[in-house]
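*Asks:* Sharing a structure here in structure tokens format.
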Amino acid sequence: MNNIVPMSIMQENIYFEYLSFPNQPYYIIQSIYTIKGRLDKENLIKAAKYMVHRYPIFRTTFELNDEGEPIQVIQNDEKLDYRFIDISDLSKEEQENSKKVFLENDKKQGFDLKAGPLIRGTVIKNSSDIFEIIISYHHILLDGWSASLAKGNFYEVYNQLNEGEKLDDVVDYTFQKYCFEKKKIVDKQVIEYWKEKYSGYKPLEFSGTSIESNKVNNTTINNRIVSNYSIVAMKKYAKEKHFTLSTVCLSIYLLSLMEIYKRDDLAVGIVTSGRDYFIDNIDDAIGNFMKTVPIRLSDANNKSFEEICKEVQESVLNGIYHIEDITISSMRNALILEKNQNVFNDIFLFENYPATNDSYSTFDILKHTANDYNSFPIVTYFYSKDDSLEIEMQLLDTVKENKEEYMNVILNNINRQFASESVEDDIIDMLEESFKKNQNEIALKYKDAVITYAELKKISDVIAQYLIDNIEDHYIGVYMSSSSEAIIYIVSILKAGKAFVPIDPMMPVERCNYILNNSGANYVFRSAEDGTSENLSANVKELNIEKIGSVEAYKKPIIESNDSAYVIYTSGSTGNPKGVKVSYANIACFIKYIKDHFVYTIEDVIYQNHSLSFDNAVWEIMSALVSGASLLIPKDRRNIEEMILSIKEESVTSISLTPSQLSIVLE
């Protein structure tokens, strides 16, 4: 095999960006594996040497030849860059701080694409049998699929060496063959295709997203898990309509960005595997095969979701066919874009990596995390595995908009399209069924009093119907600490088809007023136990159930699946708190999942540990009430001694704890 190899399309894209912004830590990836088992340094080094020998990409550097063409140079020198660090004598807190400092310095160190090597390993010993392997590399070497394959191969080889097995001596040049093959492809007038495809398109321009080559931009990462019922509905829809799940997710993503940017014509870049060549063993090859394909959607307001999915799927297939031998920079030039304009600013990735083993005969991989530094303002990953879907958004600090709003809009669009189809019962139906079935069982325990399910239904029916008949507002504040009274109000608000806004009275009054004003809650429920509400905004009216006269029999209101059920606000530690609306469909999906998988019964006692303004409180309250279990409400949830005593005396069977609480309870 010739030591000089053409770069793949993605490698060219990354290489020219590297030349443009040499001081940015873009495309540096840090994969961190927590390992439990015997650490054999000698075998670990042998395994690393085997990988570097077998896969030439790990000893490849990148440069321009004399004609100015980008090339890969396979080095004969199979040198390793590695180190071992022992921090086992430090406390856990000191270990974490030490690793944070190391990762930051490792990122700043970067890589010289011409000098190499472009991958290095660090082994950090935490204890006698727990250590971490940090593999840092430049993205120009590997795409995501290859990284997963390399991880599996490396740890399999290490395990084989630990067991005394012999290794083969084969060098895999599949990726290098691919790079030569793709250069033989005839240009199918791709430039003209993209010019026509993007005729009349006005690229999106972010305010403040210009990249400064001497300034390192930080990244905000948001992660959310799509509910089990929504992903099942998405898969069912994709199968019935003959779409891929990736197409459905991409369509949701495009619609969400259009909503955020208030545009009806938008392009995003999607990353595809690039393994569409008829080369032997290409699916098992290791390198950077990826391609980034621009996908444009317009006039979405006049199209059904099915029409949008069909158009998006066709655009993806045609785009992959016409992206064979054109880099993003070449496309920019062909489309005559301004210097501060890009074909797209947002990247979409749908990742379904090959399954790899995490348990070996001589060790186990306990945890795997990764730090990935991108150059695009917004990069969004949709991770699919079995019946789960996780969304991760990476947003550079140059994105000035509300970063949390991006994720909320995506989740709301998923709910709008699929949540209502995926749940047979809504939360009110689940509560009413439980109230009827468990009339004589204890629903709430607070201080020395108990409330049965029959009593809870009777009280909540009256309050709910009063709200339906007399309060037009949708959002109602619950300015209370945890108590039976607070739970009754929350249930009543939901049964009225409205949304509760929990507000902890322990918060500063300025923050309480901000939440009330921001949410539009002009009415609040309050308890005398939590002091006066006279410091709240003057336009906020207090609801007093003692003044409720006779009302008609409760009649369930008509509720749309996307109506808000409650609003949870963030801590506001970096500014004003941000409100997150949770729909009726969303809460129904979540609680039904909890009900089906945890299988609580009337024998269970669930401890209500979290503040009502924390999302976990909804889990605690609703999972108990839809299952016939008893909800135990502490007098003072901050009193850890009371918690420990209650767990014993009240035979608590379920409790949600923070890590610090858990450590105290276990002691």
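*Asks:* Looking at this structure, is ILE32 in contact (Cβ under 8 Å) with a residue 12 or more places away in the chain, open to solvent by less than 50 Å² (accessible area, probe 1.4 Å) and assigned to a strand (DSSP E or B)?
*Replies:* yes
*Asks:* Can I ask one more? Of the residues TYR479, TYR489, which is modelled with pLDDT of 95 or more, under 38 Å from the mean Cα position of the chain (by Cα) and closer than 23 Å to ASN609 by Cα?
*Replies:* Exactly one residue qualifies, and that residue is TYR489.
*Asks:* Okay, next question. What pairs come up if the first residue lies in the range 60-89 and is over 20 Å from ASP106 (Cα atoms), the second is acidic (Asp, Glu) and in a strand (DSSP E or B), and their beta carbons are under 7 Å apart, counting only those six or more places apart or on different chains?
*Replies:* Once the first residue is over 20 Å from ASP106 (Cα atoms) and sits in the range 60-89, its partners that are acidic (Asp, Glu) and in a strand (DSSP E or B) give ILE71/GLU63; VAL73/GLU63.
*Asks:* If the requirement is being surrounded by fewer than 18 Cβ atoms within 10 Å (Cβ to Cβ) and either of a type outside the set (A, V, I, L, M, F, W, C) or on the phi > 0 side of the Ramachandran plot (or both), which of these qualifies: SER304, SER251?
*Replies:* Exactly one residue qualifies, and that residue is SER304.
*Asks:* Among the residues of the range 273-308, which ones are in contact with a Lys or Arg (Cβ under 7 Å, 6 or more places away or on another chain), farther than 15 Å from ILE9 by Cα and either assigned to a loop (DSSP other than H, G, I, E, B) or not aliphatic (A, V, I, L, M) (or both)?
*Replies:* ILE279, ASP283, ARG296, GLU306
*Asks:* A further question follows. Determine whether the range 550-572 contains at least one residue that is open to solvent by less than 60 Å² (accessible area, probe 1.4 Å) and either assigned to a helix (DSSP H, G or I) or without any contact (Cβ under 8 Å) to a residue 24 or more places away in the chain (or both).
*Replies:* no
*Asks:* Kindly list the number of the only condition in (1) part of a strand (DSSP E or B); (2) modelled with pLDDT under 85; (3) closer than 19 Å to SER148 by Cα that fails for ILE391.
*Replies:* Status for ILE391: all satisfied but (2).
*Asks:* Further, regarding this structure: If a residue has to be outside any helix (DSSP H, G or I) and polar (S, T, N, Q) to count, how many in the range 134-177 make the cut?
*Replies:* Final tally of qualifying residues: 1.
*Asks:* Restricting the range 145-168 to residues that are of a type in the set (S, T, N, Q) and within 15 Å of PRO56 (Cα to Cα), which is most open to solvent (accessible area, probe 1.4 Å)?
*Replies:* Going through the qualifying residues, I end up with ASN153.
*Asks:* Output the number of residues of the range 205-234 satisfying the condition of being of a type in the set (A, V, I, L, M, F, W, C), over 17 Å from the mean Cα position of the chain (by Cα) and modelled with pLDDT under 75.
*Replies:* Of the residues in that region, 3 qualify.
*Asks:* Hey, another quick one. Where residues in the range 181-199 are assigned to a loop (DSSP other than H, G, I, E, B), open to solvent by 70 Å² or more (accessible area, probe 1.4 Å) and out of contact with any strand residue (DSSP E or B) (no Cβ under 8 Å at 6 or more places or on another chain), which of them is modelled with the lowest pLDDT?
*Replies:* Checking each candidate, the answer is VAL186.
*Asks:* Oh, and also: Exactly one condition in (1) touching a Ser or Thr at 6+ places or on another chain (Cβ under 9 Å); (2) charged (D, E, K, R); (3) free of Cβ contacts under 8 Å to residues at least 24 places away in the same chain is not met by GLU642; state its number.
*Replies:* Among (1) touching a Ser or Thr at 6+ places or on another chain (Cβ under 9 Å); (2) charged (D, E, K, R); (3) free of Cβ contacts under 8 Å to residues at least 24 places away in the same chain, GLU642 violates only (1).
*Asks:* Look through ASN518, ASN415 and report the one residue that is closer than 30 Å to LEU254 by Cβ and open to solvent by less than 30 Å² (accessible area, probe 1.4 Å).
*Replies:* ASN415
*Asks:* To continue, here is another question. Say whether the condition of being in a strand (DSSP E or B), on the phi > 0 side of the Ramachandran plot and either modelled with pLDDT of 90 or more or in contact with a His (Cβ under 7 Å, 6 or more places away or on another chain) (or both) is met by at least one residue in the range 50-64.
*Replies:* There is no residue in the range 50-64 that is in a strand (DSSP E or B), on the phi > 0 side of the Ramachandran plot and either modelled with pLDDT of 90 or more or in contact with a His (Cβ under 7 Å, 6 or more places away or on another chain) (or both).
*Asks:* Still on this structure: Search the range 359-384 for residues being assigned to a strand (DSSP E or B) and among the aromatic types (Phe, Trp, Tyr), and hand back the single one that is modelled with the lowest pLDDT.
*Replies:* TYR383
*Asks:* While we're here: Take the residues of the range 375-394 that are open to solvent by 20 Å² or more (accessible area, probe 1.4 Å) and in contact (Cβ under 8 Å) with a residue 24 or more places away in the chain: which is farthest from the chain's Cα centre (by Cα)?
*Replies:* PHE376
Results for (1) touching a helix residue (DSSP H, G or I) at 6+ places or on another chain (Cβ under 8 Å); (2) within 25 Å of LEU113 (Cβ to Cβ), shown as yes or no for each residue.
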position: ASP40; (1), (2): yes, no
position: LEU44; (1), (2): yes, no
position: TYR50; (1), (2): yes, yes
position: GLU63; (1), (2): no, yes
position: ASP66; (1), (2): no, yes
position: ILE71; (1), (2): no, yes
position: ASP86; (1), (2): no, no
position: LEU90; (1), (2): yes, no
position: GLU93; (1), (2): no, no
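*Asks:* Just checking, does the range 578-601 include any residue being modelled with pLDDT under 90, closer than 25 Å to LYS457 by Cβ and touching a Gly at 6+ places or on another chain (Cβ under 9 Å)? Can you show your working first?
*Replies:* First, the residues of the range 578-601 that are modelled with pLDDT under 90: 578-599.
Next, from what is left, pick out any that are closer than 25 Å to LYS457 by Cβ: 582-596, 598-599.
Next, only the ones that are touching a Gly at 6+ places or on another chain (Cβ under 9 Å) stay: 584.
Yes: one or more hits.
*Asks:* Can you tell me how many residues within the range 120-144 are under 17 Å from GLN11 (Cβ atoms) and either surrounded by fewer than 20 Cβ atoms within 10 Å (Cβ to Cβ) or touching a Ser or Thr at 6+ places or on another chain (Cβ under 6 Å) (or both)? First the steps, then the outcome.
*Replies:* Residues of the range 120-144 that are under 17 Å from GLN11 (Cβ atoms), as a first pass: 137-144.
Next cut, either surrounded by fewer than 20 Cβ atoms within 10 Å (Cβ to Cβ) or touching a Ser or Thr at 6+ places or on another chain (Cβ under 6 Å) (or both) only: none.
Final tally of qualifying residues: 0.
*Asks:* Then there's this: Residues in the range 21-61 that are over 30 Å from the mean Cα position of the chain (by Cα) and more than 30 Å from ASP169 (Cα to Cα): how many?
*Replies:* So the answer is 0.
*Asks:* Hey, among the residues in the range 452-491 that are of a type in the set (Val, Ile, Thr) and open to solvent by 50 Å² or more (accessible area, probe 1.4 Å), which one's nearest to ILE587 (Cα to Cα)?
*Replies:* ILE468
The values are calculated or read from the model by the stated rules, or taken from the named source; none is laboratory data. The structure displayed is predicted, hence computed values, not measured ones. Cβ atoms come from the backbone with ideal geometry, glycine included; neighbour counts cover every protein chain shown. Note: accessible area is taken over every heavy atom of the protein model, side chains too, but ligands, DNA and RNA are not part of it. Shrake-Rupley method; radii C 1.70, N 1.55, O 1.52, S 1.80 Å.
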